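Undergrad: Encoded as structure tokens, here's the structure I'll be asking about.
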Amino acid sequence: MHAPSPSSSRRSFLKHAAAIGAAALTQPVANVFAAEKKEPFKISLAQWSLNKRFFKKAGAEPLDNLDFAKTAKKLGIDGIEYVNQMFMDKGEDKSYLGEMKTRAEGEGVNSLLIMCDREGNLGDPDDAKRKQTVQNHLKWLDAAKFLGCHSIRVNAASDAKLSWDEQAKLAAEGLHALCVEGDKRGLFVVVENHGGLSSNGKWLTQVMKQADHVRVGILPDFGNFYTNREKAELYNPYQGMREFMPWVKQAVSAKSFDWDTGAGKFYTEDRREPREITLDFERLIKIVVATGYNGYIGVEYEGQKHTEEEGIIRTRQALEELRAMV
């Protein structure tokens with residue numbers, strides 16, 4: 001058998017190289033040569049991080065809700081989580097919501113969810129009030145849908161005077177009813193650990209089971225595990241995160257406080273009495289990533305040591321460093 005001529009070998013090589021080049025144009029380079037490491041999560045910004053500016057508090061430079069997307073992009077973040085309190089009277093104003101949407105899209109920023117407060121208790125023991133609370137949230141579901149969000153965040157509050165099981169039953173009833181409405185709009189209804197029994201991992205996961213709906217979920221907040229601040233009753237944040245993660249949809253809240261306090265590089269501390277808490281961000285992020293979660297983790301800065309912008313940047317940097325490590 002004759003050896004191939006130099007010219008035919010060259011033609012064969014060029015044909016092979018052309019095939020690889022064509023593949024590279026239609027596929028990610030990683031698929032052609034090697035598997036590219038996928039980022040374990042994306043980083044978003046909770047509007048509450050800038051609450052002093054939005055609420056025009058003393059010493060803070062006022063910031064308009066319509067400039068939230070622009071501010072987030074300036075701070076190096078491309079996903080935003082709205083707070084309904086920042087545009088409470090605009091929930092049904094399509095012109096205003098349209099401007100919010102236009103500005104977010106113009107900045108290349110993704111609108112992810114609306115955090116809803118001050119609309120009543122989903123676990124209210126009074127049937128009429130509980131139904132009204134569900135009704136009050138419908139405008140926020142519609143607004144979230146209009147803005148292109150995936151969820152609204154709600155609270156699972158009931159009457160603290162009632163028993164553990166009674167509060168769970170009532171909260172689950174309200175949540176289920178709201179999830180039926182969320183499903184019509186293709187949206188999740190996620191509950192944040194926000195004090196009281198909602199900061200108890202066992203109670204909130206019980207509520208999830210009893211709500212029994214595909215649209216119900218949890219938005220876990222790293223720093224909201226005090227079940228009673230006045231009595232300094234703190235639920236273990238790491239245990240709570242492990243219990244919450246199976247119920248997480250597309251959002252996690254990385255609550256941060258003061259950085260660079262001497263506790264360690266990835267430790268953040270709230271040193272206000274009686275709010276004292278020290279959180280190990282590395283440990284918390286590893287718990288999140290270990291579950292296979294790869295959605296957004298939101299910066300929610302509430303510290304005192306830094307300005308709001310500095311605290312946001314410092315938290316974003318910690319998340320970026322940890323993202324590269326895990």
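Bear in mind these aren't lab numbers, they're just calculated from the coordinates by the rules spelled out. Every value quoted in this text rests on a predicted model; they were computed, and no experiment measured them. Positions of Cβ are backbone-derived with ideal geometry, glycine not excepted, and every protein chain shown enters the neighbour counts.
Undergrad: For segment 148-298, what is the charge dipole size about the Cα centre, in debye to the nearest 20, if Lys and Arg each add +1 at the Cβ and Asp and Glu each add -1 at the Cβ?
TA: Values: 19 positive and 20 negative charges, 68 e Å.
Here the size comes out at about 320 debye.
Undergrad: Once you sort the root eigenvalues of the Cα gyration tensor of segment 57-171 as a ≥ b ≥ c, which label holds: rounded (a/c under 1.5), prolate (a/b larger than b/c) or oblate (the other case)?
TA: Judged from the Cα gyration tensor, segment 57-171 comes out prolate (a/c at least 1.5, a/b above b/c).
Undergrad: Could you give the length gained on full extension between LYS129 and LEU234, defined as 0.36 nm per residue of separation minus the Cα-Cα distance, in nm? Let's see the in-between values first.
TA: Numbers: separation 105, 0.36 × 105 = 37.80 nm, distance 3.01 nm.
Roughly 34.8 nm would be gained on extension.
Undergrad: With a cap of 15 neighbouring Cβ atoms within 10 Å, and only residues DSSP puts in a loop, list the trypsin sites (Lys or Arg not before Pro) found in segment 33-121.
TA: Numbers: sites: LYS37, LYS38, LYS42, LYS52, ARG53, LYS56, LYS57, LYS70, LYS73, LYS74, LYS90, LYS94, LYS101, ARG103, ARG118; in loops: LYS37, LYS38, LYS56, LYS57, ARG118.
Here the sparse-neighbourhood loop sites are LYS37, LYS38, LYS56, LYS57, ARG118.
Undergrad: Taking amide hydrogens as modeled 1.01 Å from N in the peptide plane, which residues meet the under 5 Å criterion relative to GLU192, leaving out close sequence neighbours?
TA: For GLU192, whose amide H was placed from the backbone, the distant partners under 5 Å are VAL154, ALA156, LEU219.
Undergrad: Does anything in segment 198-229 have its amide N under 20 Å from the 7 Å Cα→Cβ label point of GLU273, and if so which residues?
TA: Residues 226-229 fall inside that zone.
Undergrad: Indicate the gyration tensor shape class of segment 223-326 (rounded, prolate or oblate), computed on the Cα atoms with a ≥ b ≥ c the square roots of the eigenvalues: a/c under 1.5 is rounded; otherwise a/b larger than b/c is prolate and the rest oblate.
TA: Working: a/c = 1.80, a/b = 1.13, b/c = 1.60.
Judged from the Cα gyration tensor, segment 223-326 comes out oblate (a/c at least 1.5, b/c at or above a/b).
Undergrad: Can you give the Rg to Rh ratio of segment 60-103, both from alpha-carbon atoms, with Rh computed by the Kirkwood formula? Write down the numbers at each step before the final one.
TA: Numbers: Rg = 10.8 Å, Rh = 11.3 Å.
Rg divided by Rh gives 0.96.
Undergrad: Would you please state the base-10 log of I(q)/I(0) at q = 0.07 1/Å for the chain, with intensities from the Debye formula using one equal scatterer on every alpha carbon?
TA: Taking Cα atoms of the chain as identical point scatterers yields -0.34.
Undergrad: If contacts are Cα pairs under 8 angstrom and at least 6 residues apart, what is the relative contact order of the chain in percent? Intermediate values should be presented prior to the final figure.
TA: Numbers: 573 pairs, mean separation 51.8, N = 326.
Computed over the chain, the figure is 16 percent.
Undergrad: How big is the gap, in Å, between the Cα center of segment 113-179 and the Cα center of segment 250-321?
TA: Centre-to-centre (Cα) distance: 27 Å.
Undergrad: Let me ask another. For the chain, with only Lys/Arg (+1) and Asp/Glu (-1) charged at the beta-carbon, what is the dipole magnitude about the Cα centre, in debye rounded to 20?
TA: Values: 46 positive and 46 negative charges, 250 e Å.
Value, rounded to 20: 1200 debye.
Undergrad: Output needed for segment 168-246: three equivalent-ellipsoid semi-axes, defined as square roots of 5 times the C-alpha gyration tensor eigenvalues, in descending order, whole Å. Could the numbers behind the result be given before it?
TA: Details: eigenvalues 112, 29, 20 Å².
Gyration-tensor ellipsoid for segment 168-246: 24, 12, 10 Å.
Undergrad: For segment 115-252, what number results from the quotient of the Cα radius of gyration and 2.2 N^0.38 Å?
TA: Working: Rg = 13.9 Å, N = 138, 2.2 N^0.38 = 14.3 Å.
Normalised by 2.2 N^0.38 Å, the Cα Rg of segment 115-252 equals 0.97.
Undergrad: Toward the positive end of the charge dipole of the chain, about the Cα centre and with charges on Cβ (Lys, Arg +1; Asp, Glu -1), which of PRO40, ILE152, ASN110 goes farthest?
TA: The listed residue farthest towards the positive side: PRO40.
Undergrad: Can I ask one more? So what is the 222 nm mean residue ellipticity for the chain from helices alone, if each DSSP H run of at least 4 adds -39500 (n - 2.57) and you divide by all residues, rounding to the nearest 500 deg cm²/dmol? Don't skip to the end; give the middle numbers.
TA: Details: 11 runs with 139 residues, N = 326.
Value at 222 nm, helices only: -13500 deg cm²/dmol.
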